[in-house]
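A short worksheet on the structure shown next.
The values are calculated or read from the model by the stated rules, or taken from the named source; none is laboratory data. The structure displayed is predicted, hence computed values, not measured ones. Every residue, glycine among them, receives a Cβ derived from its backbone with ideal geometry; neighbour counts consider all protein chains shown. Surface accessibility is based on the protein's heavy atoms, side chains included, excluding ligands, DNA and RNA. Shrake-Rupley method; radii C 1.70, N 1.55, O 1.52, S 1.80 Å.
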Amino acid sequence: MSDELDDLRAVVRAFLGEACPPPAVRRLMADPAAHDAALWRRLSGELGLTGLAVPEEHGGAGRGLTELAVVCEELGRALTPVPYLATAVLAAYAVRDGRLLAGIADGSLIAAVVLDGELTAEGDHLTGTAPYVLDGHLADVIVCAVAGRSYAVRGADVTRTPHVTLDQTRRLARLRFDGAPAERIDGDLSRVRDLALTALAAEQVGGAQRCLETAVEHARTRVQFGRPIGAFQAIKHKLADMLLRVESARSAAYEAARVADREPERLPVYAALAGSYCAEAYLHTAGETIQILGGIGVTWEHDAQLHLKRATASARLFGTPEAHRARLAAALAL
């Protein structure tokens with residue numbers, strides 16, 4: 001991490017601690033949209049985070065996936081319910097249209113990207129369904145690829161059905177296009193899944209780090225048989241293994257981000273590696289945190305169960321760890 005990236009991390013962490021602490025997260029979880037428009041405006045306006053990957057000529061910062069990874073790590077650490085991954089990562093990389101990019105950069109536009117769906121184009125109209133679209137219920141614009149062409153569809157022209165999700169801090173929706181008017185745009189969705197998978201890996205690192213911190217704090221303060229439970233070898237072993245997995249996941253995620261910025265032709269291999277390892281590291285760390293906490297970890301009042309839900313859902317968001325390993329093996333001809 002450079003000083004600049006450390007500064008970015010510190011600013012984002014301080015902002016989220018003030019603007020979206022755990023009580024605010026739980027309030028948004030109870031909201032059907034799980035969205036705070038004022039928080040989104042502050043993320044984009046005060047911090048300029050939504051435009052990090054947008055070229056400068058369209059109002060963004062023109063930075064790379066490494067900077068986005070820092071932001072995503074902090075958002076994952078705080079379980080912040082914002083459409084950042086869908087808008088500032090997927091859509092920002094999927095489109096080249098200046099109008100859309102300007103809207104993403106200034107926060108006036110929430111976008112969703114259809115990665116998996118059965119769509120057909122008849123002229124400038126789209127028909128079909130997309131079963132699981134990240135933040136599709138919120139999107140002002142939905143970006144799709146049909147027969148190698150990129151389209152933008154206004155959210156108002158699409159039937160959107162929100163799913164009941166395990167992770168209430170992140171929402172998915174089923175979209176139905178019934179001859180929806182679509183605009184042909186300049187875009188490329190071919191690399192978006194790997195870029196999103198890399199950003200998600202950084203987010204998973206943030207969640208795993210927060211779980212580790214929670215477990216360490218509890219092990220230091222919880223006294224049993226006259227000693228802090230962290231003094232017992234079994235707990236020490238768990239914490240040491242968690243630390244190893246978190247640090248290894250961080251290395252995998254940030255190396256994938258570095259490759260995305262500097263050696264993009266190698267990204268499929270590194271994204272698959274990070275996607276597999278970071279998902280399982282987060283799942284393991286969240287589960288072990290609950291074991292160390294004991295019964296309190298699964299109560300509604302504690303955040304540990306929220307991290308376990310986020311880890312479980314995120315491990316399937318862009319493909320399972322097993323699918324990523326299969327893709328990695330194929331890429332390496334193993």
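Set side by side, the residues GLY179, GLY275, GLY230, GLY226 differ, and just one is out of contact with any Leu (no Cβ under 6 Å at 6 or more places or on another chain) and surrounded by 15 or more Cβ atoms within 10 Å (Cβ to Cβ), which is GLY230. The condition of being touching a residue at least 40 places away in the same chain (Cβ under 8 Å), within 17 Å of the chain's Cα centre (by Cα) and surrounded by fewer than 18 Cβ atoms within 10 Å (Cβ to Cβ) holds for only one of ARG174, ARG184, ARG191, ARG210, that being ARG191. If we scan segment 101-108, do we find a residue that is open to solvent by 10 Å² or more (accessible area, probe 1.4 Å), aliphatic (A, V, I, L, M) and in contact with a strand residue (DSSP E or B) (Cβ under 8 Å, 6 or more places away or on another chain)? No, segment 101-108 has no match at all.
Of all the numbered requirements in (1) in a helix (DSSP H, G or I); (2) more than 18 Å from the chain's Cα centre (by Cα); (3) surrounded by 15 or more Cβ atoms within 10 Å (Cβ to Cβ); (4) not hydroxyl-bearing (Ser, Thr, Tyr), ARG160 misses one, and that requirement is (1).
Table: residues versus (1) of a type in the set (Lys, Arg); (2) under 18 Å from ARG170 (Cβ atoms); (3) modelled with pLDDT of 95 or more; (4) over 18 Å from the mean Cα position of the chain (by Cα).
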position: ARG9; (1), (2), (3), (4): yes, no, yes, no
position: ALA14; (1), (2), (3), (4): no, no, yes, yes
position: ALA24; (1), (2), (3), (4): no, yes, yes, yes
position: LEU75; (1), (2), (3), (4): no, yes, yes, no
position: GLY103; (1), (2), (3), (4): no, no, yes, yes
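From ALA30, ALA19, ALA38, ALA34, which residue is crowded, with 21+ Cβ neighbours inside 10 Å and over 19 Å from LEU101 (Cα atoms)? Result: ALA34 is the single residue among ALA30, ALA19, ALA38, ALA34 that is crowded, with 21+ Cβ neighbours inside 10 Å and over 19 Å from LEU101 (Cα atoms).
No other residue among THR80, THR120 is touching a strand residue (DSSP E or B) at 6+ places or on another chain (Cβ under 6 Å) and either open to solvent by 10 Å² or more (accessible area, probe 1.4 Å) or not small (Gly, Ala, Ser) (or both) apart from THR120. Is it true that some residue in segment 55-74 is farther than 21 Å from ARG310 by Cβ and of a type in the set (Lys, Arg)? The answer is yes, given that some residue of segment 55-74 is farther than 21 Å from ARG310 by Cβ and of a type in the set (Lys, Arg).
Among the residues of segment 51-62, those identified as assigned to a helix (DSSP H, G or I) and either open to solvent by 20 Å² or more (accessible area, probe 1.4 Å) or of a type in the set (Ser, Thr, Tyr) (or both) are GLU56, GLU57, HIS58.
The sole residue among VAL158, VAL216, VAL143 that is under 20 Å from LEU90 (Cα atoms) and without any contact (Cβ under 8 Å) to a residue 24 or more places away in the chain is VAL158.
Restricting the search to helices (runs of 4 or more DSSP H) fully inside segment 225-334 and requiring at least 2 residues that are among the aliphatic types (A, V, I, L, M) and under 17 Å from the mean Cα position of the chain (by Cα) gives 233-262, 267-293, 304-314. Is one or more of the residues making up segment 33-40 in a helix (DSSP H, G or I) and charged (D, E, K, R)? No, the conditions are met nowhere in segment 33-40.
Taking residues in segment 36-52 that are within 17 Å of PRO81 (Cα to Cα), and partners anywhere that are acidic (Asp, Glu) and open to solvent by 20 Å² or more (accessible area, probe 1.4 Å), the pairs with Cβ atoms closer than 8 Å and at least 6 places apart or on different chains are SER44/ASP106; THR50/ASP106.
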